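What follows is calculated from the coordinates using simple rules that are stated; it is not laboratory data. What you see is a predicted model, and the numbers here were worked out from it, not measured in a lab. Cβ: placed from backbone, ideal geometry, glycine included. Neighbour counts: every protein chain shown.
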Amino acid sequence: MEYRNLLFEASGRIATITFNRPKALNALNPETMRDLSAALREAAGREDIGAVILTGAGEKAFIAGADISEMKSFTPMQALDFAQAGQEVLSFIERMPQPVIAAVNGFALGGGCETAMACDLIVAADTARFGQPEVSLGIIPGYGGTQRLPRLVGRNIAKELVLCGDMISAQRAFEIGLVNRVVPAAELMAAAREIAGKILSRGPTAVRAAKMAMNRGLDLDLPNACALEASLFAAGFSTADRLEGITAFLEKRKANFIGK
Ligand code: DAK
């Protein structure tokens, strides 16, 4: 499928979705959010895709936030549509079966930082900058930034970022636990693909269930989260991959997973 504001490329079981409005630093407008929703659903529905990488076109930005110029003229109903559609897309990233890796190549601000935070892992170029600058515009984060950021980095660090609205370096983002890895900019996509490749070599049904257990479990209290884990653990014993993985270990050979 063709997208107006995104590039979609699949190779080696990895789909790469590239935000492609470099002149506006890949800012998110309603059309881009519609594209993103469709592209993620395309990836989720394809059996030949086992992992997704999100990145930004150009060297400057992953996503510099929601499109400020388009937001200026929103009516309250358009703002509501934009909010609901965006929140739905980001929670779809958390619900979709494949792992999603954000390869942050530059500014990840506002909605850009929020998009990265909805992903399963974040790899950042050493030149990347993160931030929730909404309060400088007189608004608050609207794509889950006030909720996902404290869950990722803790309440006080999140408050400093959201209330002061300053940008932080990739290195600082790594130190506070916002990103998994910082790599030289030229090695960003290779690093993201390497992590995706490692995940793809593991049991696909187990990877899917583990993502679900962690993402859904974080919204539950511990006893219910552990009950969810136990159910998913038990369901794993109906898969061919479970038998193959354990048999391969005992036979001292590499497992040949089929994703069933
Ligand atoms: N929107 C639209 N255009 C943007 C943009 C943005 N967020 N960020 C940059 N651009 C455009 C600039 O206007 C400029 O366009 P031209 O003048 O060339 O036409 C071009 O990209 C290059 O930007 P600069 O010339 O400013 O480049 P610099 O290197 O000097 O500065 C910068 C880069 C990233 C520091 C700066 O552009 C900047 O501060 N940008 C704004 C960053 C920002 O505040 N982002 C947060 C946006 S608010 C909600 C859901 C979500 C949200 C809110 C509500 N609901 C559900 C209700 C999210 C809100 C946000 O994300």
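Just check the stretch 182-260 against the gyration tensor rule for me: Cα atoms, a ≥ b ≥ c as the square roots of the eigenvalues, rounded for a/c under 1.5, and otherwise prolate or oblate depending on whether a/b exceeds b/c.
Note, shape of the stretch 182-260 comes out oblate.
Based on DSSP, what percent of beta bridges with both residues in the chain are antiparallel, to the nearest 5?
If we restrict to bridges inside the chain, about 30 percent are antiparallel.
What full-extension length gain, to one decimal in nm, is calculated for THR75 and GLU42 as 0.36 nm per residue of separation minus the Cα-Cα distance?
Between THR75 and GLU42, full extension yields an extra 8.8 nm.
Would you mind ranking SER169, SER11 so that the residue whose beta carbon has the fewest other beta carbons within 10 Å leads the list?
Neighbour counts put them in this order, fewest first: SER11, SER169.
Limiting things to C-alpha atoms, what are the Rg and the maximum Cα-Cα separation (Dmax) for the stretch 161-202, in angstroms?
13.5, 42
Using Cα atoms only, what is the angle between the long axis of helix 240-250 and the major principal axis of the chain, expressed in degrees (0 to 90) to the nearest 10?
Roughly 60 degrees between the two axes.
Is the shape of the stretch 109-255 best called rounded, prolate or oblate, per the rule: a/c under 1.5 gives rounded, else a/b larger than b/c gives prolate, else oblate, with a ≥ b ≥ c the square roots of the Cα gyration tensor eigenvalues?
Cα axes put the stretch 109-255 in the oblate bin.
Contour minus end-to-end for ILE246 and GLN147, with contour as 0.36 nm per residue of separation and end-to-end as the Cα-Cα distance?
Extending this stretch completely gives an extra 31.8 nm.
In straight Cα distance, which aspartates and glutamates are under 14 Å from LYS60, not counting same-chain residues fewer than 8 positions off?
Here the aspartates and glutamates satisfying the reach criterion relative to LYS60 are ASP126.
Mind checking the log10 I(q)/I(0) for the stretch 76-129 at q = 0.13, 0.21, 0.28 Å⁻¹? Debye, one equal scatterer per Cα, no solvent, two decimals.
-0.37, -0.79, -1.05
Taking other Cβ within 10 Å of each residue's Cβ, how do LEU28, LEU220 sort, fewest first?
With the fewest neighbours first, LEU28, LEU220 line up as LEU220, LEU28.
Report for the stretch 105-254 the percent antiparallel among DSSP-assigned beta bridges with both residues inside it, nearest 5.
Antiparallel bridges: around 35 percent, rounded to the nearest 5.
Can you give me the C-alpha center-to-center distance between the stretch 85-139 and the stretch 183-239, rounded to a whole angstrom?
So the two Cα centres are separated by 18 Å.
Based solely on its DSSP helices, what 222 nm [θ] is calculated for the chain when runs of n ≥ 4 H residues each add -39,500 (n - 2.57) and the sum is averaged over all residues, nearest 500 deg cm²/dmol?
-15000 deg cm²/dmol
Can you put CYS119, CYS164, CYS113 in order, fewest other beta carbons within 10 Å first?
Fewest to most other Cβ atoms nearby, the residues stand as CYS164, CYS119, CYS113.
Which lysines does LYS260 reach when only Cα atoms under 21 Å apart count, and residues fewer than 8 places away in its own chain are ignored?
LYS198, LYS211
Can you pull a Stokes-Einstein diffusion coefficient for the chain at 37 °C (0.692 mPa s), Rh from Kirkwood over Cα pairs, as a whole number of µm²/s?
172
Taking the simple approach of a point 7 Å from Cα along Cα-to-Cβ for both LEU137 and ALA234, what is their distance in nm?
In this crude label model, LEU137 to ALA234 measures out at 4.7 nm.
Taking the alpha-carbon distance from LYS72 and a cut-off under 23 Å, which lysines remain once sequence neighbours fewer than 8 residues away in the same chain are dropped?
LYS23
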